[in-house]
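So the structure is just underneath, and the comments pick up after that.
The values are calculated or read from the model by the stated rules, or taken from the named source; none is laboratory data. Remember, it's a predicted structure, so these values are computed and weren't measured experimentally. Quick reminder, even Gly has a Cβ in these numbers, built from the backbone with ideal geometry, and neighbours come from all protein chains shown.
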Amino acid sequence: MTDPLTEDVVAGTMSTFGTVEHVRKNRFRITTTPDQIRDAVKTVHAALSCDRLVTISTADTRQAFELHYHFTGQHRTLVTVTIAIPRDAPELPTMSDLLLPAGIYERQIHDLFGIVFTGHPDLARILLNEDWPENEHPLRKDWKPDGKTFYGGTPPEGR
Amino acid sequence: MAEVIIPIGPQHPALKEPVNFRVIADGEKIVRLELTLAYTHRGIEKAAESRDFIRVLPLLERVCGICSHSHATVFAKGIEEIMQVEIPPRAQYIRTIIAELERMHSHLLWLGVAGHEIGFNTLFMWTWRDREAVQDTLEEMSGNRVHYNMNEVGGVRCDLSPSQVRAALARLPLLEERLKKYVAMLEEEETMLLRFKGVGKMTRHEALAYGAVGPTARASGVACDARHEDPYCVYAEIPWDVVTDTNGDVYGRTCVRIGELRESAKIVRYCLEHLPEGEIRVPAPKVAPTGECLSRYEAPRGELVHFIRTNGTDKVERLDIRTPTLANWTSVAMCLAGQHLADIPVIVAAIDPCLSCTSRLTVLDNSTGTGGMITFDELRRRNRARWQEEERT
């Protein structure tokens, strides 16, 4: 175990990527842009010795999709890198070549939000059933189940 | 020899829950693994957005039948953080006691399943019998064997009576005795040594690179434990240790889980003996202010994370659940490569995969030999009668 990261260290390393926020005691958040996300993640990984990706959380704010990459390491400090991508063009580069565990989280996000991770080796369906209709992403805020659409499983009688 | 694709699952005698593996094999050696987890998706994250905080907790317990308390606690503590509600110490202790009992029952269950996967069914029978002692304690404390429903935003729902504490403490010596037996078995039991040692090996570096969590990572020497990294409940103030191992194989994962069983028994004993007096809940507001929280929790299988966002109403705006099993799949896929086909069950079982669980209540009356479903009222009546009898004695 090493000492927790201080605000000076995080701000000094990450301020080139965007605003650095001290959320609470051992939590920091860096808000950056989709163009810089790969470099920001590389820096968090190398310079801040955050060797574990805790998870990638996603939220639909109705204006944009937010992605939060949460990292931690031996210093027991949680560093979050946040980006927002436009809802009408939900595309960003994959992180799975830099961080192996990102691959499975990206597949899940692709399934539920329809965000495309360019360069992902196998963006196949993982959570929704295989006969789930294309282009239906249930965790988007504007998604409503439609009585006429067949969402997979056993087809109702008479179809 | 050409590569062969072997489909396993979703329905397969060797699997406990529906999952689909496509194993790409070269002879007896595994080359690669592809998987689909889609068979038990129930849309709980979406459903959580339409229920208020009182109704969402029972729903979240049903994410998993084994670590139901984990999901409820991680959510409740996240919402409490957003609301800035401080829950009373007695509630913190009760949450910890249930959490550690849950870890014990989960690890004992795992040990049995791992024994079963290597054809060592005696171990399965032993551990599942010992697990009953833990289950009985949980049932006495909460009224339920599976979904304890102990949490609410602002504290816990049930208090522990002195007789419950006494009964739980009385069961611990037996468990501690049995755990010593399992520790001894790890060193001398040939079946376990032969089938666990060197299987599914993962170095410290690999465990970090594959994002493994929980006992899977700790068995490779990665000392990650959310109870230590981001202490919640009472873990910062009570004595306990993070259990790690350096073997990195299925044997190491077994050592870690048995070590954690002993730690959990220690924590439960400490908490029961030092249970503070006082309230078990504080009144929490009905609505949460707009906010956001990443709530971390060490579930039996590893770090469980809920990303919660609130919008000033009594419902969540977004709940993103990352279960430990999802984090561990990458490591399974990676460490299966190069292994033998026959070792798939035990390597997969070694992360203790939990896809989803359901449970029904069936009662068997030992005295009359009759069984069947009973109504909830009848169950309540029987429990009350048993309680009253126990309180008298």
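Quick notes on this one:
- Any hit, segment A:115-131, residues being within 14 Å of chain B (Cβ to nearest Cβ) and in contact with a Pro (Cβ under 7 Å, 6 or more places away or on another chain): yes
- Residues (more than 16 Å from A:Asp60 (Cα to Cα) and under 22 Å from the mean Cα position of the chain (by Cα)) located in segment B:307-332: B:Arg322, B:Thr323, B:Pro324, B:Thr325, B:Leu326, B:Ala327, B:Asn328, B:Trp329, B:Thr330, B:Ser331, B:Val332
- Some residue of segment A:32-49 being more than 15 Å from A:Phe17 (Cα to Cα) and facing chain B (nearest Cβ under 9 Å): no
- Unique residue being away from every other protein chain (no Cβ under 13 Å) and either in contact (Cβ under 8 Å) with a residue 60 or more places away in the chain or crowded, with 19+ Cβ neighbours inside 10 Å (or both) when the list is A:Leu98, A:Leu92: A:Leu92
- Which numbered condition B:Tyr235 misses (of (1) within 14 Å of chain A (Cβ to nearest Cβ); (2) farther than 25 Å from B:Ser161 by Cα; (3) of a type outside the set (Gly, Ala, Ser)): (2)
- Condition check for B:Ala226 on (1) crowded, with 23+ Cβ neighbours inside 10 Å; (2) away from chain A (no Cβ under 12 Å): one failure, at (2).
- Any hit, segment B:197-205, residues being under 29 Å from A:Leu53 (Cα atoms), within 14 Å of chain A (Cβ to nearest Cβ) and assigned to a helix (DSSP H, G or I): yes
- Residue check, B:Asn311 buried (at least 18 other Cβ atoms within 10 Å of the Cβ) and either assigned by TED's automatic domain parsing to the domain that holds B:Pro89 or in contact (Cβ under 8 Å) with a residue 40 or more places away in the chain (or both): no
- Qualifying residue in segment B:192-215 (condition: in contact with a His (Cβ under 6 Å, 6 or more places away or on another chain) and hydroxyl-bearing (Ser, Thr, Tyr)): no
- Scanning segment A:60-86 for residues that are buried (at least 23 other Cβ atoms within 10 Å of the Cβ), in contact with a helix residue (DSSP H, G or I) (Cβ under 9 Å, 6 or more places away or on another chain) and within 8 Å of chain B (Cβ to nearest Cβ) turns up A:Thr72, A:Leu78.
- In this structure, B:Glu28 qualifies as charged (D, E, K, R) and surrounded by fewer than 15 Cβ atoms within 10 Å (Cβ to Cβ).
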